[in-house]
Amino acid sequence: MYDIRLENVTKEFDNFTAVDDITFTIPKSSVTVLLGPSGCGKTTLMRMIAGLETPTRGRIFFGEHDVTDVPTRRRNIGMVFQYPVIYRGTSVRKNLELPLLSEKLSKDELDKRVDEVAEILDLTSVLKRRVEELDNGTRQKIAVGREVARQPRIILFDEPITNIDLTSKMELKRSMKELFSRLKQTIVYVTHDQTEAMTLADQIALMQDGVITQSDSPKVIYENPNSQFAGWFLGNPGMNFVPSEFVSVAGTKITSPLFTQTIDLGSKATSVDILGVRAEGISVSISQVAGACAATVTRKSIGAGGQYLLDLTVGGLLVKARVSHSIGREAKDTVWTSIASENITFFDSSGKALSSEIKVK
Amino acid sequence: MSDVTFKPKRKSGPIKFATIGAWLISLLFFLPIAWIVSTALKPKGSIVVSPPVFFFRPTFDNIIEALSFDNTLDYFTHSVIYSFGSVSLAILVSYLAAYSFSRFKPAGTDFLMFLLLSTRFVPAAAFVIPYFQLFNLLRLKDTYIGLIAFYTMFAIPFSVWILKGFLDGVSQRFDETGLVYGASRFHIMFKVILPQVKPGLVAAFVFNILFVWNEFLYNFQLGGAKTYGIPVGLFTGSTKGGGIDWAYVASIGTLYVLPLVVVIYVFQKYLLVGLTFGTVRGEV
């Protein structure tokens with residue numbers, strides 16, 4: 001299998017830079033999710049890997065081969081599009097085996113490959129059905145299966161489950177997870193949906209304005225965002241931020257209306273400008289406890305798994321906290337909040353995280 | 001929003017009335033054809049009589065006689081060769097052009113498309129003399145190559161317009177999936193995309209064949225004894241004996257519409273889709 005190396009890859013359209021000088025390696029035999037908001041350049045980057053767009057500058061390598069000028073049809077890749085491409089008027093089996101027919105496989109090998117992917121994707125029962133009878137979720141499964149059956153070295157997924165209804169989406173996500181764990185190919189998956197990224201990725205490459213701002217495993221990128229953007233984009237809700245007017249730095253110590261303790265950050269404290277804390281990093285109690293701040297509940301909503309999401313005002317600051325069902329149910333008017341120091345992420349004035357440079361003492 | 005009221009289901013009365021009206025109007029349009037066909041089948045003596053004869057014993061004598069005239073069969077052969085030849089060629093060329101316009105969007109696509117259609121703005125008769133001289137000069141007069149080239153040129157603009165509309169309706173991801181699978185552009189154009197624009201091809205084919213099949217002026221001027229088609233044959237043949245030979249006109253006229261009736265009948269289901277081209281299609 002190949003890794004995919006991008007060297008100074010840039011793509012400019014008329015007067016807009018979609019991808020801005022990206023140098024990055026997508027590791028082989030793993031799932032890399034390009035995640036970012038609409039228009040961040042993730043799809044353009046993937047289309048350049050596929051050869052459907054030509055980079056304005058920079059080179060693309062598959063392993064040791066420079067493929068920048070190799071046409072799409074010689075790149076030996078698979079690609080699943082946002083809208084499933086299916087061939088109407090034929091059966092599911094025919095759809096799966098169509099691209100294989102030109103490879104002159106034996107009948108046994110052909111059937112084996114088709115049956116294998118059908119089994120993984122749970123399509124065995126519909127193999128004989130005609131594709132137009134099936135819903136969009138199943139059609140997309142067919143499109144996925146067709147790529148997998150071809151066994152290319154690299155498979156690209158361009159928001160494959162964005163346009164699928166919610167129920168099928170959950171199922172498709174599960175099938176993909178199962179599928180990815182069995183595949184040895186290098187997989188690149190583009191999405192703007194963070195739950196998809198969290199579920200499927202071995203590593204997430206977070207993109208913003210044409211550059212990759214952070215790339216790490218889902219766990220690391222969630223727990224240690226390297227920028228305010230990463231903190232805000234990942235997580236639902238995104239990270240709470242304490243703007244600089246609510247952060248007081250005195251020497252090496254930092255205080256804020258959000259917590260009662262004073263945090264000692266050593267010499268780097270002066271560069272701290274903004275604080276971040278995740279909704280689940282705020283502990284809430286109904287009765288007053290030592291070291292907690294009084295907070296007013298302005299809104300309650302119930303979320304997945306019965307957890308509550310509370311909108312709280314603490315010392316003039318609006319934050320969101322995620323709490324257990326029992327606390328959420330009892331919470332009204334005033335509650336008490338505290339934040340453990342290790343749950344706080346520190347950012348400088350440009351929004352860059354300082355976690356690697358400073359340690360809480 | 002105001003209150004929503006549900007309209008009661010419409011009674012069938014007015015609909016039936018409208019249906020009958022539509023049928024009557026259609027029949028009115030059909031009268032000339034009915035006249036031609038019935039005249040062709042009438043015995044010689046009851047064609048031009050007053051009052052007209054509505055009931056008669058059909059006979060094929062007129063048709064057989066018309067076919068036995070010197071050049072009648074040749075005219076048919078000529079018409080079929082240059083009509084189907086030029087339109088088929090035009091559709092092929094137009095498909096390639098429309099694909100390129102739709103997929104590669106060369107600079108100035110919109111203007112080029114306009115320019116293409118603008119060749120049809122001017123009345124055809126304005127160019128008869130220049131073409132006559134040009135064809136004489138190039139020794140193309142009275143040749144199939146000349147006529148087919150001319151009619152092909154005439155059929156291309158409209159075909160490109162129709163086909164581009166259809167191709168724009170076929171998502172590029174079909175092309176891209178093909179590329180990813182290692183297909184060549186030609187394979188994608190003819191094996192993947194072409195089947196999806198069949199209604200467009202049929203519509204372009206039928207509209208243009210109607211035009212070329214019925215064209216008289218240029219066939220008369222640029223053709224000759226070796227390439228005159230039925231319209232010219234009808235014109236010269238009908239006045240051969242001095243007056244107008246209605247039996248000949250009706251017989252040839254009847255045979256003349258038959259191929260088109262067959263073509264349109266066969267392609268009807270595609271044609272209906274073809275006539276509604278340009279309607280917005282969502283991604284599926």
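The values are calculated or read from the model by the stated rules, or taken from the named source; none is laboratory data. Values in this document were obtained by computation on a predicted structure and should not be read as measured data. Because the Cβ atoms are built from the backbone with ideal geometry, glycine has one as well, and the counts that use them run over all protein chains shown.
Checked across region B:76-97, the condition of being aliphatic (A, V, I, L, M) and either over 30 Å from B:Tyr228 (Cα atoms) or more than 27 Å from the chain's Cα centre (by Cα) (or both) holds for at least one residue.
When each of A:Leu172, A:Leu110 is tested for being crowded, with 20+ Cβ neighbours inside 10 Å and away from chain B (no Cβ under 14 Å), the lone residue that passes is A:Leu172.
Within region A:136-166, being more than 12 Å from every other protein chain (Cβ to nearest Cβ), farther than 30 Å from A:Gly63 by Cβ and surrounded by fewer than 19 Cβ atoms within 10 Å (Cβ to Cβ) holds for A:Asp165, A:Leu166. Note on region A:286-298: residues that are exposed (fewer than 15 other Cβ atoms within 10 Å of the Cβ) and assigned to a strand (DSSP E or B) total 3. Of all the residues in region B:142-169, those that are surrounded by 19 or more Cβ atoms within 10 Å (Cβ to Cβ) and either among the basic types (Lys, Arg) or within 14 Å of chain A (Cβ to nearest Cβ) (or both) number 1. Determine whether A:Gly63 is under 22 Å from A:Leu200 (Cβ atoms), in contact (Cβ under 8 Å) with a residue 60 or more places away in the chain and assigned by TED's automatic domain parsing to the domain that holds A:Asn8. Criteria not met by A:Gly63. Would you check if there is a residue in region A:270-278 being assigned to a helix (DSSP H, G or I) and hydroxyl-bearing (Ser, Thr, Tyr)? Yes. In region B:42-66, what residues are without any contact (Cβ under 8 Å) to a residue 12 or more places away in the chain and in a helix (DSSP H, G or I)? Residues satisfying the conditions are B:Gly45, B:Ser46, B:Ile64. Of the residues that sit in region A:236-250 and are out of contact with any Asp or Glu (no Cβ under 9 Å at 6 or more places or on another chain) and not in a strand (DSSP E or B), which one is farthest from A:Asn343 (Cα to Cα)? My answer is A:Glu245.
Every listed requirement among (1) farther than 30 Å from B:Gly223 by Cα; (2) part of a loop (DSSP other than H, G, I, E, B) is met by B:Phe29 save one, (2). Step by step: first the residues of region A:113-122, then only those that are buried (at least 18 other Cβ atoms within 10 Å of the Cβ) and more than 20 Å from A:Thr162 (Cα to Cα), then the one that is farthest from the other protein chains (Cβ to nearest Cβ). Which residue is that? Going through the qualifying residues, I end up with A:Ile120. Looking only at region B:199-215, decide whether some residue is part of a loop (DSSP other than H, G, I, E, B), in contact (Cβ under 8 Å) with a residue 60 or more places away in the chain, buried (at least 17 other Cβ atoms within 10 Å of the Cβ) and not β-branched (Val, Ile, Thr). There is at least one residue in region B:199-215 that is part of a loop (DSSP other than H, G, I, E, B), in contact (Cβ under 8 Å) with a residue 60 or more places away in the chain, buried (at least 17 other Cβ atoms within 10 Å of the Cβ) and not β-branched (Val, Ile, Thr). Given the conditions (1) hydrophobic (A, V, I, L, M, F, W, C); (2) modelled with pLDDT under 85; (3) surrounded by 10 or more Cβ atoms within 10 Å (Cβ to Cβ), report the number of the one that B:Ala40 does not fulfil. B:Ala40 satisfies all of (1) hydrophobic (A, V, I, L, M, F, W, C); (2) modelled with pLDDT under 85; (3) surrounded by 10 or more Cβ atoms within 10 Å (Cβ to Cβ) except (2). The residues listed here are A:Ser301, A:Ser283; of these, the one that is among the hydroxyl-bearing types (Ser, Thr, Tyr), part of a strand (DSSP E or B) and surrounded by 13 or more Cβ atoms within 10 Å (Cβ to Cβ) is A:Ser283. Just one residue in the set A:Leu96, A:Leu35 is touching a residue at least 60 places away in the same chain (Cβ under 8 Å), buried (at least 19 other Cβ atoms within 10 Å of the Cβ), assigned by TED's automatic domain parsing to the domain that holds A:Gly137 and not β-branched (Val, Ile, Thr); that residue is A:Leu35. Out of the residues in region B:174-192 that are in a helix (DSSP H, G or I) and surrounded by fewer than 20 Cβ atoms within 10 Å (Cβ to Cβ), which is farthest from the other protein chains (Cβ to nearest Cβ)? Here the residue is B:Phe190. Filtered by the rule that a residue be in a loop (DSSP other than H, G, I, E, B), more than 27 Å from the chain's Cα centre (by Cα) and either closer than 19 Å to B:Gly182 by Cα or at the interface with another protein chain (Cβ under 8 Å from one of its Cβ atoms) (or both), region A:56-83 gives A:Asp69, A:Val70, A:Pro71. Tell me whether region A:22-41 contains one or more residues that are over 30 Å from A:Gly238 (Cα atoms) and assigned to a strand (DSSP E or B). No, there is no match, as no residue in region A:22-41 is over 30 Å from A:Gly238 (Cα atoms) and assigned to a strand (DSSP E or B). Looking across region A:328-350, just one residue is small (Gly, Ala, Ser), in contact with a helix residue (DSSP H, G or I) (Cβ under 9 Å, 6 or more places away or on another chain) and surrounded by 14 or more Cβ atoms within 10 Å (Cβ to Cβ), and that is A:Gly328.
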